[in-house]
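Written below as structure tokens is the structure these notes are about.
What follows is calculated from the coordinates using simple rules that are stated; it is not laboratory data. Note that the coordinates shown come from a computational prediction; the quantities given were computed from them, not determined experimentally. Cβ placement follows ideal geometry from the backbone for every residue including glycine, while neighbour counts extend to all protein chains displayed.
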Amino acid sequence: MLDPHPLNTMALATLIAGLRAAGEDTRLRILALLDEGELTVSDLTDILGQSQPRVSRHLKLMAEAGLIERSREGAWAFFRLADRTSLGQLARALIQRIDPQDLTMATDRDRLRDVRAQRAEAAQAFFSRHAAEWDRIRSLHAAEAVVEAKIRDIVGDAPISSLLDLGTGTGRMVSLLGGLAERIVGVDASHAMLAVARANLERDTIKGVEWRQGDLYALPVDRNSFELVIVHQVLHFLDDPARALREAAQALAPGGRLVVVDFAPHDLEFLRETQAHRRLGFSVEQMTDWLVEAGLDVVRHDDIAPPENLGGQLTVSIFVARDPRRQMA
């Protein structure tokens, strides 16, 4: 069935250009694959069994027509449906008219599963190399399940129009909150971590996430665009957390919320040496000052202390700040 939401109207010339760009068998196959999630040229050549120049030309034509979007991630480029535009909606409507039992499409989906399995294997290898380090940190603070339950409680169950996860890492916050959001963007400076996040979210079957490699001091996203921005266990790695918070605040839509999760002040100096922590936690006063300087109203603060009987030494602090601009109906 077609999407029950009607397509936005567009100029006749634009519609014809979009149909021409999509009206070729390989391009329709590519659109159907991108409907499943972001893919690289290499992914698509493996799935389609076609040369890289040919696939790249198809992608170039569809990107120029506005059917798909391209984002850089280091030396790689990822492609996705431009599903927030009229032509992207047109592409999705065309895909929904294809018989799901079509043999060519079924074969493409099988090959896509193989590509994703290879991604997951590579991501797991990376994760395994660093798991011991991360496990050591986890052992020092409250159980992640407790922290995540508190985050879900704070965010609530109401639908979210747009979610931005900064320093997304393994994509855990996207997995935790993504089901609430219509649009999801995860940003991280590390290509390796984005590979882990992609694999994790494909396993969790959350589709349509936009993954972007970028600097938290100069975010690769539109300003005034996100209803919820989350910064989870990121600031203690940064030289200038206040600057990152100001940049995060700029991404908030009017009335939007910023949720910051990090450590309260501590004296575990070894974390600087072994885990690259730049800051040994943040006080309530310091975090509040930074959020206010970023133009936000601090509306909530929670501390989650570690179980004393397990020898935990790190308290997790959660701050919620809101953009004071009134959300217009």
- Message: What do you get for trypsin sites (Lys or Arg not before Pro) in the stretch 202-270 restricted to DSSP loop and a cutoff of at most 14 other Cβ within 10 Å of the site's Cβ?
- Response: Lys207, Arg223
- Determine, from the Cβ-Cβ distance of Glu121 and Arg97 and an R0 of 45 Å, the FRET efficiency 1/(1 + (r/R0)^6), rounded to the nearest 0.05. 0.85
- Task: For the stretch 12-111, just run the numbers: alpha carbon Rg, then divide by 2.2 N^0.38 Å, N being how many residues it has.
- Result: 1.00
- Item | Rotationally averaged projected area of the stretch 208-308 (alpha carbon convex hull; nm²) | 7.9 nm²
- Query: Using the scaling law 2.2 N^0.38 Å as the reference, what is the normalised Cα Rg of the stretch 159-260?
  - Reply: 0.97
- Item | Kirkwood Rh in Å, taken over all unlike Cα pairs in the stretch 23-77 | 11.3 Å
- If the label point is 7 Å along Cα→Cβ of Arg54, which residues in the stretch 83-116 have backbone nitrogen under 20 Å from it? 103-112, 115
- Note on the structure: Here FRET efficiency (C-beta to C-beta, Ala305 to Thr14, R₀ 45 Å, nearest 0.05) is 0.20
- Working out 0.36 nm times the residue gap between Asp204 and Asp267, then minus their Cα-Cα distance, what length gain in nm do you get to one decimal? 19.0 nm
- Can you give me the P(r) profile for the stretch 139-322? Cα pairs, bins 5 angstrom wide beginning at 0, each as a whole percent. 1, 8, 17, 21, 22, 17, 9, 3, 0, 0
- List the relative contact order of the chain as a percent without decimals, with contacts defined as Cα pairs under 8 Å and 6+ residues apart. 14 percent
- Message: As I understand it, the dipole of the chain uses +1 on the Cβ of Lys and Arg and -1 on the Cβ of Asp and Glu, about the Cα centre. Which of Thr40, Val221, Gln233 lies farthest toward its positive end?
- Response: Thr40
- Starting from the Cα-Cα distance between Val284 and Trp76, subtract it from 0.36 nm times their residue separation and give me the gain in nm to one decimal. 70.9 nm
- Query: Going by the alpha-carbon gyration tensor, a ≥ b ≥ c the square roots of its eigenvalues, is the stretch 136-214 rounded (a/c under 1.5) or, if a/c is not under 1.5, prolate (a/b greater than b/c) versus oblate?
  - Reply: oblate
